[in-house]
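The values are calculated or read from the model by the stated rules, or taken from the named source; none is laboratory data. Nothing here was measured: the structure is a model prediction, and the numbers come from that model. Positions of Cβ are backbone-derived with ideal geometry, glycine not excepted, and every protein chain shown enters the neighbour counts. All accessible areas refer to the heavy atoms of the entire protein, side chains included, with ligands and DNA or RNA removed. Shrake-Rupley method; radii C 1.70, N 1.55, O 1.52, S 1.80 Å.
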Amino acid sequence: MSTEAYVSQPVNAASHKEASYFDGGLFQYIGWSLFGLLVTVCTFGICYPWSITMILSWKARHTVINGKRLRFHGTAIGLFGNWIKWWFLCIITLGIYSFWLFIALEKWKTKHTSFE
């Protein structure tokens with residue numbers, strides 16, 4: 001028997017690939033960012049997790065990957081609980097945990113982002 005019989009034909013991946021794009025606008029981003037900054041300043045930082053989730057939701061609503069739109073389903077309350085925990089860890093480790101804080105936030109964002 002020939003080994004060629006078991007080799008499948010390569011599929012042209014480019015023919016099955018759909019477009020990926022971001023359709024948000026600069027003025028929308030500036031507006032949401034300023035609104036988030038205003039809310040954060042007026043609440044002395046307490047609503048910062050809400051500001052983050054608002055921006056992440058806007059970014060996801062305007063992102064399409066391979067023809068599928070992203071959806072962010074994280075909540076400010078959920079992030080606030082983690083935020084308190086992360087600040088506590090930063091305090092008791094004298095700031096050492098802050099090196100892992102970026103990764104922890106990225107994991108949380110990824111966990112709460114999916115395709116529509």
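Report the accessible area of residue 88, computed with a 1.4 Å probe over the heavy atoms of all protein chains in place, in Å² rounded to the nearest 10.
120 Å²
Could you please state how large a percent of the accessible area of the chain is carbon and sulfur, counting protein chains only and using a 1.4 Å probe?
On the way: 5990 of 8710 Å².
C and S fraction of accessible area: 69 percent.
How much length is gained on full extension from residue 93 to residue 17, taking 0.36 nm per residue of separation minus their Cα-Cα distance? Write down the numbers at each step before the final one.
Numbers: separation 76, 0.36 × 76 = 27.36 nm, distance 4.65 nm.
Full extension of this stretch gives 22.7 nm more.
Give the angle, between 0 and 90 degrees and rounded to the nearest 10, that separates the Cα long axis of helix 76-92 from the longest principal axis of the Cα atoms of the chain.
The two axes meet at around 70 degrees.
How large is the charge dipole for the chain, taken about the Cα centre, if only the Cβ atoms of Lys, Arg (+1) and Asp, Glu (-1) carry charge, to the nearest 20 debye?
260 debye
222 nm [θ] for the chain, helices only, -39500 (n - 2.57) per DSSP H run of 4+, per residue, to 500?
-18000 deg cm²/dmol
Express the accessible area of the range 64-116 per residue in Å², computed with a 1.4 Å probe while the remaining protein chains stay in the model.
72 Å²
Could you tell me which of 60, 115, 74 has its Cα farthest along the dipole of the chain towards the positive end, charges placed at Cβ (Lys, Arg +1; Asp, Glu -1), taken about the Cα centre?
74
Using alpha carbons only, how many degrees (0 to 90, rounded to 10) separate the axis of helix 48-61 from the longest principal axis of the chain?
Rounded to the nearest ten degrees, it is 30.
With a 1.4 Å probe and all protein chains in place, put 114, 51 in order of accessible area, largest first.
114, 51
In degrees, nearest 10, range 0 to 90: what is the angle between the Cα axis of helix 26-42 and the longest Cα principal axis of the chain?
Tilt relative to the chain: about 30 degrees.
Pop the C-beta distance of residue 116 and residue 30 into the FRET formula with R0 = 35 Å and round what comes out to the nearest 0.05.
Working: r = 26 Å, r/R0 = 0.73.
Between residue 116 and residue 30 the formula returns 0.85.
Under a plain spin-label model, where a point goes 7 Å from the Cα along Cα-to-Cβ, how far apart in nm are residue 71 and residue 104?
Placing both labels 7 Å along Cα→Cβ, they lie 2.9 nm apart.
Picking from 59, 17, 85, which is most flexible by a Gaussian network model of the chain using Cα springs under 10 Å?
17
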